[in-house]
Amino acid sequence: MIEILSPGLAIGLGAIGPGIGIGLLVMGALQAMGRNPEVAGEIRTNMILGIVFAESIAIYALVVALLLLFVGAPGLQ
Amino acid sequence: MSTLLKPKTLAIIIGTIALVVIAILFFRVPLPTILLPGEAIPGWKIGSFQITNTFVATIIADIIVLALSFLAVRKMQEVPESKLQNIFEWVYEIFEGMLMDIGGKEKAKAWVGVFLTLLLFLLFANWMELVPGIDSIGVIEPLEVAYAEKGVTVGYNIKHIGPFITLTSEQVKLTDEERASIVEEAEKAEAAGHEYHPENPKGYVLTPYVRAATTDLNLTIGLALLVIIWSQIVGFRRLGFKYIRRFAMPHITGMKPVDIIVGLLEFISEFAKIISLSFRLFGNIFAGQVLLFVMAFLISFLLPLPFFGLELFVGFMQAFVFALLTFIYFEQATHSYAGDEHH
């Protein structure tokens, strides 16, 4: 049971933070684009970069989840 | 409401629902075996080099990119008549302009080639997961052999359709006793020096000939290592030996203890970059592929369609992000921290 639960918890809990972060980031970027449509292109590039860095936190959780799922933790077996 | 009641619209809606129901009842798709490493194709060996299906996909993506690029520049014209050359010039100009906004004219011109090569290669490597036939045409082998070699525990029954063999959607699972006996028999066969062949296979497993290249960690880690090592070389070539100051006491705050720690963090973050760069690409594409598998497994009609659209976008986005981050790492490596130029 714990073998199935632990990868799920790892990715599920790990995705909360980046999810909120990406939401806030896009909110800010869209507001900025709405106020200054002439620099929308530049803001969009920076927004994508910001999303990528926020997302990499979720990627670390994904790595842990995949390791648990396919390789397994030493104590779990 | 009135448009909904038109006979044509109603017929389309009812037909779609009927097809979905038929798909649920009669056209069940087996869930492909989900394995983390690239799967070795049985019997495909060059000497001692075992060919995996992600390797095949890498070669195909390479050939596509090379062939397209070659065709585009074969007859170069100042005012291009060929559509392909036009498209390539258009793409080149868009991304060159974008890189100029980030890193300036000189750096954009220097590295737009690296950027576009990575972008195009990863684009085709990522989108390969969407092509029908990939992930579904391959070699069928007994479940017992697959368990002994790769630890697969779920197989399917097979059915003959003309000259072809196909998996049905009836799942077969190995019990604990069967697993133990398979391990024993495989060890016996190995000790006797011949390959393990079960007499009455309980089920069968499909190993596809081609599986999208970026769903294999080997490719993405390889690319990330290449990019990070290359960025160090770029730094040394542009700044000379002063580049080492980026890690050893960079001139940032002016307070020496703080600077030493910042340099250390910078050094560690080079390794974190390898991990995040490779796992971002791998994680997104691998998860996307599993998503497509599961959606087709649940209902094989209509339901997978929006996810194909999503994966088209994700595939492009991840290729773009990988190439963009490469450019940014190159650009960062050329900043001097020796404290004599910018401060």
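Throughout, read-outs are computed from the coordinates displayed, never taken from laboratory work. Values in this document were obtained by computation on a predicted structure and should not be read as measured data. Positions of Cβ are generated from backbone atoms using ideal geometry, with glycine treated the same way; all protein chains shown enter the neighbour counts.
Observations on the structure shown:
- Over 20 Å apart at the Cα level, from the set B:K150/B:K202; B:K45/B:K202; B:K45/B:K150; B:K105/B:K242, are B:K45/B:K202; B:K105/B:K242.
- Helix A:40-66 axis versus longest C-alpha principal axis of chain A: approximately 0°, rounded to the nearest ten.
- Debye equation applied to the C-alpha atoms of segment B:287-338, log10 I(q)/I(0) at 0.13, 0.21 Å⁻¹: -0.48, -0.75
- Across all directions, the average flat footprint of the convex hull enclosing the Cα atoms of segment B:186-237 is 7.2 nm².
- Against the main long axis of the alpha-carbon atoms of chain B, helix B:304-333 sits at an angle near 30°.
- In Å, descending, principal axis extents of the Cα set of segment B:1-127: 60, 56, 32
- Order of B:V152, B:V73 under a 10 Å beta carbon neighbour criterion, fewest first: B:V73, B:V152
- Relative contact order [Cα under 8 Å, 6+ residues apart], chain B, whole percent: 25 percent
- With the convex hull constructed from alpha-carbon coordinates only, segment B:90-155 shows a mean projected area of 7.5 nm² over all directions.
- Neighbouring partner chain Cβ atoms per residue of A:48-55, average, 10 Å criterion: 4
- Separation of the B:A189 and B:F236 label points, Cα + 7 Å toward Cβ, nm: 5.0 nm
- When the Gaussian network model of chain B links Cα atoms closer than 10 Å, the mean-square fluctuations of B:S269, B:S48, B:S300 top out at B:S48.
- Loop-resident chymotrypsin sites (Phe, Trp or Tyr not before Pro) (DSSP state other than H, G, I, E or B) in segment B:175-219 with no more than 16 further Cβ atoms inside 10 Å of their Cβ are absent.
- Span per principal axis, largest first, for the Cα atoms of the protein assembly as shown (Å): 76, 69, 50
- The fraction of all Cα pairs in segment B:200-315 landing in successive 10 Å bins from 0 to the largest distance is 12, 25, 23, 17, 12, 8, 2, 0, given as whole percents.
- Cα centroids of segment B:1-42 and segment B:77-151: 30 Å apart.
- The protein assembly as shown: calculated mean residue ellipticity at 222 nm from DSSP helix runs of at least 4, using -39500 (n - 2.57): -22500 deg cm²/dmol
- The alpha carbons of segment A:2-71 occupy a box of 52, 16, 10 Å along the principal axes, longest dimension given first.
- Centre-to-centre, using Cα atoms only, segment A:4-77 and segment B:259-283 are separated by 16 Å.
- If you wrap chain B in the convex hull of its Cα atoms and look at it from every side, the mean projected area works out to 29.1 nm².
- Of B:T326, B:T214, B:T16, the one that fluctuates the most in a GNM where chain B has Cα springs shorter than 10 Å: B:T16
- With all pairs of separate Cα atoms included, segment B:139-208 yields a Kirkwood hydrodynamic radius of 12.6 Å.
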